[in-house]
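Okay, so here's the structure we're looking at.
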Amino acid sequence: MNLSMIKQAMELKSKMEKIQKELAKERIEVSDKDELINIVVNGQQKIISIKIAPEIMDPSRPDKLEKLLHKTIVKALEDSKKMANERLEEITNGINIPGLTS
């Protein structure tokens, strides 16, 4: 490895660390179509908050809440992952790096 490659690798690492810090602060908010469930995640796919409207909490139909909650969480995490990949592609110039951009 020559000095130029080492310098480029260090610069890339520094940019990656900066983006990771920024992604930790980014927020994505997703609700179901009736806005009964609201999920907030950050750009690192960590759930920040979950809000559930009281009217969806029917003790005789827990499956309805479970399905809606699952669907909304999956959507929030997918949106967060997409945003993170877009941000990371800015510094990788669109190169797919397994475990990093995929």
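Here are the numbers for the structure shown:
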item: Between helix 3-25 and the chain: long-axis angle, C-alpha atoms, 0 to 90°, nearest 10; result: 20 degrees
item: FRET efficiency estimate (nearest 0.05) - Cβ-Cβ, Ile48 to Ser4, R0 41 angstrom; result: 0.50
item: Residues of type aspartates and glutamates that Lys18 reaches as a straight line, Cα spacing below 17 Å, ignoring anything fewer than 8 places off in the same chain; result: Glu26, Glu86, Glu89, Glu90
item: Once the Cα gyration tensor of region 3-92 is diagonalised, semi-axes √(5λ) in Å; result: 38, 10, 9
item: Neighbour-limited loop hits for GluC sites (Glu not before Pro), region 7-64 (at most 13 other Cβ within 10 Å; DSSP other than H, G, I, E, B); result: Glu35
item: Among the listed pairs Lys15/Lys51; Lys25/Lys64; Lys46/Lys67; Lys15/Lys82; Lys13/Lys81, those beyond 30 Å (Cα-Cα); result: Lys15/Lys51; Lys25/Lys64
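Computed from the coordinates by the stated procedures, all read-outs in this text should not be read as laboratory data. All of these numbers come straight from a predicted model, not from anything done at the bench. As a convention, Cβ positions derive from the backbone with ideal geometry for all residues, glycine included, and neighbour counts pool all protein chains shown.
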